[in-house]
Amino acid sequence: MKDILFLVPYPLHRAPSQRFRVELYEPILQKHQLRYTIAPFMDEATWNVLYKQSSVIKKAMGILKSFLKRWVLLFSATQYRYVFIHREAAPLGPPMVEWMLAKVFRKKIIYDFDDAIWIPNTSEANKLAAQWKAFWKVKYICQWAYRITAGNAYLSDFAKQYNEQVVLLPTCVDIEKGHWKPKQHHSNTAVIGWTGSHSTLVYLDDIVPVLKELQQEIAFEIVIIADKKPDWEFPHQRFIPWNEQTEQDDLLQIDIGIMPLKENAWSEGKCGFKLIQYLALGIPAVAAPVGVNKNIIDHGVNGFLCNSKEEWKGCLKQLITNAAVRKQMGLVGREKIVKEYSIQSQEEKFISLFT
């Protein structure tokens, strides 16, 4: 019998949530000699058209094909001791796969999520699919799970309403892999940067006026790293298409990372991964004091938490004009990531899920 079947929504090496909550742990799984299979719901072709407003037929055919593959895979689940489900076994419809695994095959389900996925939050490109999302299913999967891993305390508290076996497992980076090393050089002309998916670009809208005002007073650059170029543009702005192979090198071009957020229930479920990436590379961050951001950022120590536009402007200005402060805050932030938000610091907790 094999050890673990991972059911994930997307093709490998594509979605940040999946990459850093499942795929990143592969070396640890191998280190502990656990036999596993990672099974994405959708293939590359479906992923490539998923967020396009056109290609409706291709989307429908791709999703149908994905459902068929998932149901075929379901009947091979008997050969695994555990089934680890990241977010959901299928993105649409009721939790039939989860129910079959728990109630018919009697599998030990480990249910993982890092967003408030029980709250409707569908993108404009996929608003037609909203009625089929079945957001209500999250509480039932929680009830059927053997254990639950939640990315922050807000998500953990939700899960505990339905199941006592909840483990708080933050989204992490592998500090021993690649270039997750602190930034060595902070340029005199600072670079303010943001990274994220196209669906989260909207959070930058509130900070755009602040950046415009600042550019009239002091010199700095703006870097946006995403899978889609923003609609607005500044002088001295660069857009870098997101690429997994160059992700860390692209981030290292930033001197100050930002993470504005709306204050609402959905944002409370965010796990602050932008901040974790910035600090892992020794880059201080300025963020909205929403949800887990307040745990990751120690105000005035490894970054700043800002409520008003005046606070955003003042804190950004302080970092833009002082490279020494940027460097010191970044180094302190890096230390926190090593201790609390690295897979090395969470290894024992992760492996204990499968005992």
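The values are calculated or read from the model by the stated rules, or taken from the named source; none is laboratory data. Worth saying up front: this structure is predicted, and the values here are computed from it rather than measured. Using ideal geometry, Cβ is built from the backbone for each residue, glycine included, and neighbour counts are taken over all protein chains shown.
Is one or more of the residues making up segment 43-62 modelled with pLDDT of 90 or more and crowded, with 16+ Cβ neighbours inside 10 Å? Scanning segment 43-62 turns up no residue that is modelled with pLDDT of 90 or more and crowded, with 16+ Cβ neighbours inside 10 Å.
Criterion applied to Val191, Val173, Val223, Val202 was being touching a Lys or Arg at 6+ places or on another chain (Cβ under 6 Å) and modelled with pLDDT of 90 or more, and the one residue passing it is Val223. Note on segment 271-302: residues that are surrounded by fewer than 20 Cβ atoms within 10 Å (Cβ to Cβ) and outside any loop (DSSP other than H, G, I, E, B) total 3.
There is no residue in segment 318-340 that is over 22 Å from Ala219 (Cβ atoms), of a type outside the set (A, V, I, L, M, F, W, C) and in a loop (DSSP other than H, G, I, E, B).
Regarding Gln18, is this residue surrounded by 17 or more Cβ atoms within 10 Å (Cβ to Cβ) and modelled with pLDDT of 95 or more? Yes.
Could you go through segment 269-290 and let me know if any residue there is aromatic (Phe, Trp, Tyr), out of contact with any helix residue (DSSP H, G or I) (no Cβ under 8 Å at 6 or more places or on another chain) and touching a residue at least 60 places away in the same chain (Cβ under 8 Å). For segment 269-290, residues aromatic (Phe, Trp, Tyr), out of contact with any helix residue (DSSP H, G or I) (no Cβ under 8 Å at 6 or more places or on another chain) and touching a residue at least 60 places away in the same chain (Cβ under 8 Å): absent. Applying the criterion of being over 25 Å from the mean Cα position of the chain (by Cα) and in contact (Cβ under 8 Å) with a residue 60 or more places away in the chain to the residues of segment 303-323, the residue that is surrounded by the most Cβ atoms within 10 Å (Cβ to Cβ) is Leu319.
Out of Glu213, Glu233, Glu217, Glu244, I need the residue that is surrounded by fewer than 17 Cβ atoms within 10 Å (Cβ to Cβ) and without any contact (Cβ under 8 Å) to a residue 12 or more places away in the chain. Which one? Write out each step before concluding.
On the way: Glu213 fails: without any contact (Cβ under 8 Å) to a residue 12 or more places away in the chain; Glu217 fails: without any contact (Cβ under 8 Å) to a residue 12 or more places away in the chain; Glu244 fails: without any contact (Cβ under 8 Å) to a residue 12 or more places away in the chain.
Exactly one of Glu213, Glu233, Glu217, Glu244 is surrounded by fewer than 17 Cβ atoms within 10 Å (Cβ to Cβ) and without any contact (Cβ under 8 Å) to a residue 12 or more places away in the chain, namely Glu233.
Phe84: among the aromatic types (Phe, Trp, Tyr), touching a helix residue (DSSP H, G or I) at 6+ places or on another chain (Cβ under 9 Å) and under 27 Å from Ser267 (Cβ atoms), yes or no? Yes.
Restricting Phe75, Phe84 to those that are surrounded by 18 or more Cβ atoms within 10 Å (Cβ to Cβ) and at negative phi reduces the list to Phe84. Residue check: Pro235 meets all listed conditions (1) modelled with pLDDT under 95; (2) within 23 Å of Ile351 (Cα to Cα) but one, namely (2).
The rows are residues; the columns are (1) hydroxyl-bearing (Ser, Thr, Tyr); (2) in a strand (DSSP E or B); (3) in contact with a helix residue (DSSP H, G or I) (Cβ under 6 Å, 6 or more places away or on another chain).
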site	(1), (2), (3)
Ile4	no, yes, no
His13	no, no, yes
Gln18	no, no, no
Ile28	no, no, yes
Leu34	no, no, no
Trp47	no, no, no
Ala60	no, no, no
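Applying the condition of being under 22 Å from Glu23 (Cα atoms) and not in a loop (DSSP other than H, G, I, E, B) to segment 163-197 and asking which residue is farthest from the chain's Cα centre (by Cα) yields Val166.
Listed by first and then second residue, the pairs linking a residue in segment 42-55 that is over 14 Å from Pro91 (Cα atoms) to a residue that is part of a helix (DSSP H, G or I) and aromatic (Phe, Trp, Tyr), with Cβ atoms under 9 Å apart and 6 or more places separating them unless they lie on different chains, form an empty list.
Does Ala15 satisfy the condition of being out of contact with any strand residue (DSSP E or B) (no Cβ under 6 Å at 6 or more places or on another chain) and among the hydrophobic types (A, V, I, L, M, F, W, C)? Break it down stepwise before answering.
On the way: out of contact with any strand residue (DSSP E or B) (no Cβ under 6 Å at 6 or more places or on another chain): yes; among the hydrophobic types (A, V, I, L, M, F, W, C): yes.
Against the criterion (out of contact with any strand residue (DSSP E or B) (no Cβ under 6 Å at 6 or more places or on another chain) and among the hydrophobic types (A, V, I, L, M, F, W, C)), Ala15 qualifies.
The residues listed here are Ile175, Ile141, Ile207; of these, the one that is within 24 Å of Gln318 (Cα to Cα) and in contact (Cβ under 8 Å) with a residue 12 or more places away in the chain is Ile207.
Residues of segment 116-162 being more than 25 Å from Ile351 (Cβ to Cβ), at pLDDT 85 or above, small (Gly, Ala, Ser) and within 21 Å of the chain's Cα centre (by Cα), which ones? Of everything in segment 116-162, just one residue is more than 25 Å from Ile351 (Cβ to Cβ), at pLDDT 85 or above, small (Gly, Ala, Ser) and within 21 Å of the chain's Cα centre (by Cα), namely Ala116.
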